[in-house]
1. Answer yes or no: is there a residue in region 114-133 that is surrounded by 15 or more Cβ atoms within 10 Å (Cβ to Cβ), in a strand (DSSP E or B), outside the structural domain of residue 176 (by TED's automatic domain parsing) and at pLDDT 85 or above.
2. Of all residues in region 235-252, how many are part of a helix (DSSP H, G or I) and out of contact with any helix residue (DSSP H, G or I) (no Cβ under 6 Å at 6 or more places or on another chain)?
3. Report, by residue number, each residue of region 253-267 that is in contact (Cβ under 8 Å) with a residue 40 or more places away in the chain and either outside the structural domain of residue 182 (by TED's automatic domain parsing) or in contact with a helix residue (DSSP H, G or I) (Cβ under 9 Å, 6 or more places away or on another chain) (or both).
4. Only residues that are in contact with a strand residue (DSSP E or B) (Cβ under 7 Å, 6 or more places away or on another chain) and farther than 21 Å from residue 91 by Cα: list them for region 120-147, please.
5. Could you tell me whether region 237-254 includes any residue that is under 25 Å from residue 37 (Cα atoms) and at pLDDT below 90?
6. Please find, within region 9-64, the residue that is modelled with the highest pLDDT out of those that are assigned to a loop (DSSP other than H, G, I, E, B) and under 10 Å from residue 87 (Cβ atoms).
7. I'm trying to understand the selection: among the residues of region 196-233, which are closer than 30 Å to residue 252 by Cβ and free of Cβ contacts under 8 Å to residues at least 40 places away in the same chain?
């Protein structure tokens, strides 16, 4: 999905915990989620906790919990102060689950979580990251343990073979439908088509899609179109009217209204901000 010349095509974080010796967990800070996930829709080999802060400090934030080997599909549409990406080795989660008296677990995908405790643990880890690990290994390991245990207690189901193994069923089917959306953004896609892409009945698809993503299919599709439009605007290779057509809006007016409803800016205001950033040399 990346266009040549995009400002978002950044491969290195602002900060990362690689040199701090944290065991089987990595935290990185990015200017935006688009930078942290250059290839949208890619799968990760580790569990992810993503904290998107858009105002100081915890007044406006969203948290996303994404299990390993599931596609990163959530569109983040607001401007960022910072974006924190926490990558957790599945073996660490299983080890702590067993140590707590359970068996292997499977995290369940959750989008737009409002969890003050999880936020606080993430911010304490971020503080330690910015301080270069000044409080020592024991402190960092304690934070890691508390964060993973919190995930296990609130966002996990028993692993395969356990009684709760069916929880979270349908993730792959919904991922298939979202990938179908991404491949056909310029078209007027019907719910029947999307249910077919997921190999689900229409009623089951609509219910499961909302459960998995937090949005009805139509609303999610609009957000994907806005996500794509921002990439096209940043590339500078097409005008707003042409972009509206490329991403499936009936006309530029519909595109403008949808863009402003989701981002708080009109496409023109967003494009002007990008131009200003480029002139000043900032991202």
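1. No; the residues of region 114-133 include none that is surrounded by 15 or more Cβ atoms within 10 Å (Cβ to Cβ), in a strand (DSSP E or B), outside the structural domain of residue 176 (by TED's automatic domain parsing) and at pLDDT 85 or above.
2. Initial filter on region 235-252 (part of a helix (DSSP H, G or I)): 235, 240-246, 252.
Imposing the further condition that a residue be out of contact with any helix residue (DSSP H, G or I) (no Cβ under 6 Å at 6 or more places or on another chain) reduces the set to 235, 242, 245-246.
Going through region 235-252 one residue at a time, the tally reaches 4.
3. Step one: of region 253-267, the residues in contact (Cβ under 8 Å) with a residue 40 or more places away in the chain are 262-264.
Within region 253-267, 262, 263 meet the criteria.
4. Looking only at region 120-147, we keep the residues that are in contact with a strand residue (DSSP E or B) (Cβ under 7 Å, 6 or more places away or on another chain), and these are 122, 125-126, 129-130, 144.
Passing the criteria: 126, 129, 130.
5. The initial filter retains those residues of region 237-254 that are under 25 Å from residue 37 (Cα atoms), namely 237-238, 240, 243-244, 246-248.
Imposing the further condition that a residue be at pLDDT below 90 reduces the set to 237-238.
Yes, because at least one residue in region 237-254 is under 25 Å from residue 37 (Cα atoms) and at pLDDT below 90.
6. Filtering region 9-64 for residues assigned to a loop (DSSP other than H, G, I, E, B) gives 9-14, 17, 21-24, 31-32, 37-42, 44-46, 54-60.
Next, from what is left, pick out any that are under 10 Å from residue 87 (Cβ atoms): 17, 24, 44-46.
Working: 17: 96, 24: 92, 44: 70, 45: 83, 46: 90.
Checked region 9-64; the qualifying residue modelled with the highest pLDDT is 17.
7. Within region 196-233, the first condition is being closer than 30 Å to residue 252 by Cβ, and the residues that meet it are 197, 206, 209-210, 213-233.
Of everything in region 196-233, those that are closer than 30 Å to residue 252 by Cβ and free of Cβ contacts under 8 Å to residues at least 40 places away in the same chain turn out to be 197, 206, 209, 210, 215, 216, 218, 219, 229.
The values are calculated or read from the model by the stated rules, or taken from the named source; none is laboratory data. Remember, predicted model here, so these are calculated numbers, not experimental data. With ideal geometry, Cβ positions are generated from the backbone for all residues, glycine too; neighbour counts draw on all protein chains shown.
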